[in-house]
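Every number here is computed from the coordinates shown, using simple stated rules; none is lab data. What you are looking at is a predicted structure, and each value in this text was computed from that prediction instead of being measured. Cβ placement follows ideal geometry from the backbone for every residue including glycine, while neighbour counts extend to all protein chains displayed.
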4 protein chains.
Amino acid sequence: MGELQRRLTDFAAARDWQPFHVPKNLAAALSVEAGELLEIFQWLTPEQAAAVMDDPGSANRVRDEVADVLAYLLQFCTAVGVDPVAALAAKIERNELRFPVPGGGAGGAAGGSDEGAEG
Amino acid sequence: MGELQRRLTDFAAARDWQPFHVPKNLAAALSVEAGELLEIFQWLTPEQAAAVMDDPGSANRVRDEVADVLAYLLQFCTAVGVDPVAALAAKIERNELRFPVPGGGAGGAAGGSDEGAEG
Amino acid sequence: MGELQRRLTDFAAARDWQPFHVPKNLAAALSVEAGELLEIFQWLTPEQAAAVMDDPGSANRVRDEVADVLAYLLQFCTAVGVDPVAALAAKIERNELRFPVPGGGAGGAAGGSDEGAEG
Amino acid sequence: MGELQRRLTDFAAARDWQPFHVPKNLAAALSVEAGELLEIFQWLTPEQAAAVMDDPGSANRVRDEVADVLAYLLQFCTAVGVDPVAALAAKIERNELRFPVPGGGAGGAAGGSDEGAEG
């Protein structure tokens, strides 16, 4: 991750793109790319969506959009000085306290509610 | 990254959330969280946005949303079997061919056009 | 629509919000609000999503997010001087040429492909 | 608006697209199109963004994306049975109580905070 962040920084610097890579623009670009990933799935049934990688064209498109999302997330993190891995590790620890594992198997509806509260 | 993916998988499994964590839902959740990160910046000037980490409350919110975006990106990648680091490394290599470093310092406008083509 | 646009303009002007209501910020806010509408549906099955208005709390949330999306769309249109109804009428006419009605009933897969091309 | 909703419904029905036009898919498509509108602005300074309609190509792109956002918003509203104009009128009335007009001219910072609370 750190190495990818450095490569992205060097890539942008070599092309004089840093003036564009300010936090607000990178947050917008991240959101735009996440939308492009979602676009692949928007008209698919859940079953079609689960099989998206079976089609080589769709699989390439998915990998490409994943790369774009990760690229802008890392560039955003560089711009604001946030360590994304540390941020996620801390969040998982908070969530382990916030959503304790239920004693018995919680049903789908309960899981759904928990998920609703997760954001 | 691999370890974070495993922790997220275990976290969801322990709470019976896997039925919700299908590719289409995770792509939607990723887009929603990227929107929540953008929300922090939507009314800020570029200058205010660049100073977002100076305010402890905003800084916490940024770290929290970065964690959410990375969490859903990694869970999406687990669900579709994509290695996000390999996908980004391959994309950087393609982009190095696609956007060769200009001999002289390209100006901002050119950089902007290149950026427009990047997505 | 024109009347709503005027009310939104007056509302923002009375609160000195115009400096924030520039095109880039309004486009970001529109995207953020569309994400909040999507959030309601992200973990739902298609069947649960189709019944979203049966629950009064969800129904209120849907109406609230629809209002936010339309508000920012109209304020964006005011800021850039675009008539949204005229823009959509022109687009429907273009699409009628671009996607001619198939002679026989086209199947779901064909419809899905057309939809994919629509964006 | 009502007439545009009818035209969009007829357009989709003639092409057998209704099975795709369920609430969850339309909410996703609305978010994707809002992202495409934002994409036009993502690397622009506020000044460049304010002049976006001066360039005929950008102006056409803006009108096209506005049409797409409005189209999916109206189709979503048809699918869930929400009147978008009534929803927005009700929201404006609620917001008039929630954000009373300040006696004196509130400064930019206060306006920004209000905006932050608006979503």
Placing the label point 7 Å from Cα along the Cα-to-Cβ direction, what are the distances from B:Glu3 to the equivalent spots in the other copies, shortest first, in nm to one decimal? 1.7, 6.3, 6.4
Quick one: label points 7 angstrom along Cα→Cβ at D:Val85, distances to the other copies in nm, smallest first? 0.7, 5.6, 5.6
Ascending list, in nanometres, of distances separating the A:Leu97 label from those of the other copies (7 Å, Cα toward Cβ): 3.8, 5.0, 6.3
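Give me D:Asp64, A:Asp10 ranked fewest to most by other Cβ atoms within 10 Å of their Cβ, as a rough exposure proxy.
So the ranking, lowest neighbour count to highest, is A:Asp10, D:Asp64.
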Per principal axis, largest first, the Cα atoms of the protein assembly as shown extend in Å by 53, 49, 47
Given only helices, namely DSSP H runs of n ≥ 4 each adding -39500 (n - 2.57), what is the per-residue ellipticity at 222 nm of chain D, to the nearest 500 deg cm²/dmol? -24000 deg cm²/dmol
Least to most buried among C:Leu8, C:Leu38 (fewest other Cβ within 10 Å first): C:Leu8, C:Leu38
Taking D:Lys91 as the anchor, which lysines have their alpha carbon closer than 29 Å to its alpha carbon, excluding any fewer than eight residues away along the same chain? A:Lys24, C:Lys24, C:Lys91, D:Lys24
Test item: D:90-97 mean partner chain Cβ contacts at 10 Å: 4
For the rotation that superimposes chain D on chain A, which residue of D has the C-beta lying nearest to the axis, and at what distance in Å? D:Gly35, 1
On average, how many beta carbons from a partner chain sit within 10 Å of the beta carbon of a residue in B:76-85? 5
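Which whole number gives the average, over all residues in D:11-22, of C-beta atoms from other chains lying within 10 Å of the residue C-beta? All intermediate terms of the calculation are to be shown ahead of the outcome.
On the way: counts 5, 2, 1, 6, 12, 10, 10, 1, 5, 10, 3, 7.
That works out to 6 on average.
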Restricting to Cα pairs below 8 Å that are 6+ residues apart, what does the relative contact order work out to for chain C? Please round to a whole percent. 32 percent
If a/c stays under 1.5 just call it rounded; otherwise compare a/b with b/c (prolate if a/b is bigger, oblate if not). Do that for chain C, with a ≥ b ≥ c from the square roots of the Cα gyration tensor eigenvalues. oblate
If each part is reduced to its alpha-carbon centroid, segment C:1-27 and segment D:1-38 end up apart, in Å, by 26 Å
Counted neighbours (other Cβ, 10 Å), sorted fewest up, put D:Glu39, B:Glu47 in the order B:Glu47, D:Glu39
